[in-house]
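Got a structure here, written out as structure tokens. Questions coming.
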Amino acid sequence: MANAHFPWLDAAEYPFTSRYFDVGGANMHYIDEGSGPVLLFVHGTPSWSFDFRKVILALRDQFRCIAIDHIGFGLSDKPEHYDYSTQQHAHTLERFILHLDLRQLTLALHDFGGPIGFAAALRLPERIKGMVVLNSWLWSSEGDPDFIKLSKALKSPLLPFLYRRLNFSPRFILPASFGSRKPGRQVLRHYTRPFANHRQRNGALAFARSLLNDQGWFESLWRRRNALAHQPMLFIWGMQDPVVKPAQLARFQAGFPQAQTVALNHSGHFPQEEAPHEVAEAIRGFMASKVIYIFGAPPR
């Protein structure tokens, strides 16, 4: 049964109750499923809470699973004129955590959700119990050869046209970022259809511009990482990711040597979409291992 406001949405594929949080007059959509220890899922671009759906369905019998859609994405409002900066998304996430009074929560962060979630965690460390990171980053990439090539495209005057008029990010970049487990057409349209027209595509464009303009901010988060070094941490990584490559995982591992890692050899940039069973089981095991860590000696 389709949602009256979003007739393209397959309720069998996304069988959740929609909730909303007011962000200065804009409605931020989120879901809040199950009960138990809190998992808060934070997506990147050009995705939304939809990409965590199968992981949430697998975990909600044991955990309280909350997943947001950033303003400008998914089922959230997409104002034509809005501060879509990455820093603003981080501030909104912080406000959301305080609004729901979430405590002892574990953040599950993907793509741009990484720096957004880490920024919020650095502001609210007393509320964070653990962190799960999927194919993300937390530092300046200015010296990276891949980024240097990408920056040329990001500086192109055609970028706004590609993003606003051609819906370039979900139509072309997203499908190309998967590994060997490709999603079907029906699933892919759940990533393109939220951006109905050019006025609703400024959120994705802003994230592209953030890659060009916010490298210093990303690096500032990385330099403060020791404030979260005591947090139990799990890296789940799609090793076929053509965008955020295994070298980025190695850098995370060097920065957080106490972290656990689950490498998914057949997955690309979206392990939660490509290998949801493996991701759910990794998170379930991580949550169980944290109990050992908190109440006794860490496992060896």
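Tell me, what is the percent relative contact order of the chain, built from C-alpha pairs under 8 Å that lie six or more residues apart? Don't skip to the answer; put the middle values down first.
Working: 536 pairs, mean separation 57.9, N = 300.
Relative contact order, the chain: 19 percent.
Taking segment 1-95, which GluC sites (Glu not before Pro) meet the DSSP loop condition and have no more than 16 other C-beta atoms within 10 Å?
Details: sites: E13, E33, E80, E94; in loops: E13, E80.
In loop regions of segment 1-95 (DSSP not H, G, I, E or B), the sparsely surrounded GluC sites (Glu not before Pro) are E13, E80.
Here's something else I'd like to know. What residue among I148, I66, I236 has the largest mean-square fluctuation in a Gaussian network model of the chain, using Cα springs under 10 Å?
Of I148, I66, I236, the Gaussian network model singles out I148 as fluctuating most.
Also, quick follow-up: Which trypsin sites (Lys or Arg not before Pro) from segment 121-181 combine a DSSP loop assignment with at most 12 other Cβ atoms within 10 Å?
On the way: sites: R123, R127, K129, K149, K152, K155, R164, R165, R171, R181; in loops: K155, R181.
Those that pass, being in a loop and sparsely packed, are K155.
Report the residue, chosen from S47, S76, S156, that carries the largest GNM mean-square fluctuation when the chain is represented by alpha-carbon nodes joined by springs under 10 Å.
S156
Could you give me D for segment 172-297, from Stokes-Einstein at 25 °C and 0.890 mPa s, where the hydrodynamic radius is the Kirkwood radius over C-alpha pairs? Units µm² s⁻¹, please.
Details: Rh = 16.9 Å.
Answer from the Stokes-Einstein relation: 145 µm²/s.
Return the loop-located trypsin sites (Lys or Arg not before Pro) in segment 1-109 (DSSP other than H, G, I, E, B) with at most 15 other Cβ atoms within 10 Å of their own Cβ; answer none if there are none.
Numbers: sites: R19, R53, K54, R60, R64, R95, R103; in loops: R60, R103.
Here the trypsin sites (Lys or Arg not before Pro) that fit, given the DSSP loop and packing criteria, are R103.
How big is the chain by Rg and Dmax over its Cα atoms, in Å?
Rg then Dmax for the chain, in Å: 18.0, 56.
Oh, and also: Write down Rg/Rh for segment 1-146, rounded to two decimals, with Rg from the C-alpha atoms and Rh from the Kirkwood relation over Cα pairs. Don't jump to the answer; show the numbers that get you there.
Working: Rg = 15.1 Å, Rh = 15.7 Å.
Reported Rg/Rh, Kirkwood definition of Rh: 0.96.
Averaged over every viewing direction, what's the projected area of the C-alpha convex hull for segment 47-109? Give it in nm², one decimal, please.
4.9 nm²
Compare H269, H99, H190 in a GNM of the chain, Cα atoms joined below 10 Å, and give the one with the largest fluctuation.
H99
Laboratory data are not the source of any read-out in this text; all were calculated from the coordinates shown. In this text, all values refer to a predicted model and were calculated from it rather than measured experimentally. Positions of Cβ are generated from backbone atoms using ideal geometry, with glycine treated the same way; all protein chains shown enter the neighbour counts.
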